[in-house]
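The values are calculated or read from the model by the stated rules, or taken from the named source; none is laboratory data. Quantities reported herein were computed from a predicted structural model and do not represent experimental measurements. All Cβ positions, glycine included, derive from the backbone under ideal geometry; neighbour counts span all protein chains shown.
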Amino acid sequence: MIVKINLCYAKIVLIFSIKRLALESWEGLAMDFNAIKVFSATKAKEREELGEVITKWIAANPAVQITNSNVLQSSDNEYHCLTIIIYYKK
């Protein structure tokens, strides 16, 4: 049996899981952020353009102070997902 999932739904679940994981990993430490921005891409062209997307977001949000970032990669037989998490203060 082949099970296909809705990629949009999977991305939303992934984003919420990453946000929860990020917050849990900072538990007990001094939090140097109060917001998280998640950038995710699964298609090759989207992955190639992800740097430009992030650069545009940073330029459009000059008031934020980026305090940390994480880069995650996951893949299976069909999809290769690149996720970049930006931790920042508003």
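Out of the residues in region 58-81 that are among the β-branched types (Val, Ile, Thr) and part of a strand (DSSP E or B), state the one that is surrounded by the fewest Cβ atoms within 10 Å (Cβ to Cβ).
First, pick out the residues of region 58-81 that are among the β-branched types (Val, Ile, Thr): 58, 64, 66-67, 71.
Narrowing the set further to residues that are part of a strand (DSSP E or B) leaves 66-67, 71.
On the way: 66: 13, 67: 14, 71: 9.
Looking at the filtered set, the residue picked out is 71.
Counting only residues that are surrounded by 14 or more Cβ atoms within 10 Å (Cβ to Cβ) and in a helix (DSSP H, G or I), which one in region 20-57 is modelled with the lowest pLDDT?
Within region 20-57, the match that is modelled with the lowest pLDDT is 22.
Would you tally the residues in region 27-48 being within 14 Å of the chain's Cα centre (by Cα) and not small (Gly, Ala, Ser)?
First, the residues of region 27-48 that are within 14 Å of the chain's Cα centre (by Cα): 35-42, 46-47.
From what is left, the residues that are not small (Gly, Ala, Ser) are 36-39, 42, 46-47.
Number satisfying all stated conditions: 7.
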